[in-house]
1. Could you put ARG171, ARG41 in order of accessible surface area, largest first, with the 1.4 Å probe and the full protein assembly present?
2. Say R0 is 35 Å: what FRET efficiency, to the nearest 0.05, do GLU33 and ARG94 get from their beta-carbon distance?
Amino acid sequence: MLFTIAEPKADIDAVALERMLAAIALGDGSAFEAFYRATERTVYTFALSLTRNAPDAQDAMMETYLAVRTGAGRYLPMGKPLAWIFTITKNAVRMQQRKLSRETPQDELPETGPPCAADETDSLALREALTILAEDEREIVLLHAVSGLRHREIADALALPLSTVLSKYSRAMRKLRRHLTALDEEVGNHAEVE
């Protein structure tokens, strides 16, 4: 397997998150802190899959949690709080990109790599996922590999059929394997020349 970053984690309990959102709406700071701890890795990973760089992902994440804190009272319990959070995150990223496109020409944007990974192999694989995969593939692979969400949780959060998530994940992993194999061969060929 290409990614070994995610540690085993407990499922994100939708009912517990909805209770926390209700408490946040009433101004409970400890509920907000618990909500943050339960979702921070998943929200960051999702933001990273959209922005493709760590600083923008962190900014989007901060905007997301500000919106959660001020808008928790508007959340309607439907059993899918992650979908609501992902919508907020997508909107934060879009607003950030619009602002950035008005301020800085695209060719002047700094290239920033992903956050430090557990080791060099994981870092390379994560970097490749951020560059060669389509946005929907990136979202699914990173949410599964980095956040540790199960495919069913990803399907619920992204409002996609489970079969679609599974096929996109499988296709993305094949694409990554082919690319990384070609990269290994290229590095091997380069080393032989020297």
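1. The ordering from most to least exposed comes out as ARG171, ARG41.
2. 0.80
The values are calculated or read from the model by the stated rules, or taken from the named source; none is laboratory data. Keep in mind that what you see is a predicted model, and the values were worked out from it rather than measured. Glycine gets a Cβ as well: all are built from the backbone with ideal geometry, and neighbour counts include every protein chain shown. Calculation scope for accessible area: heavy atoms of the full protein, side chains included, ligands and nucleic acids excluded. Shrake-Rupley method; radii C 1.70, N 1.55, O 1.52, S 1.80 Å.
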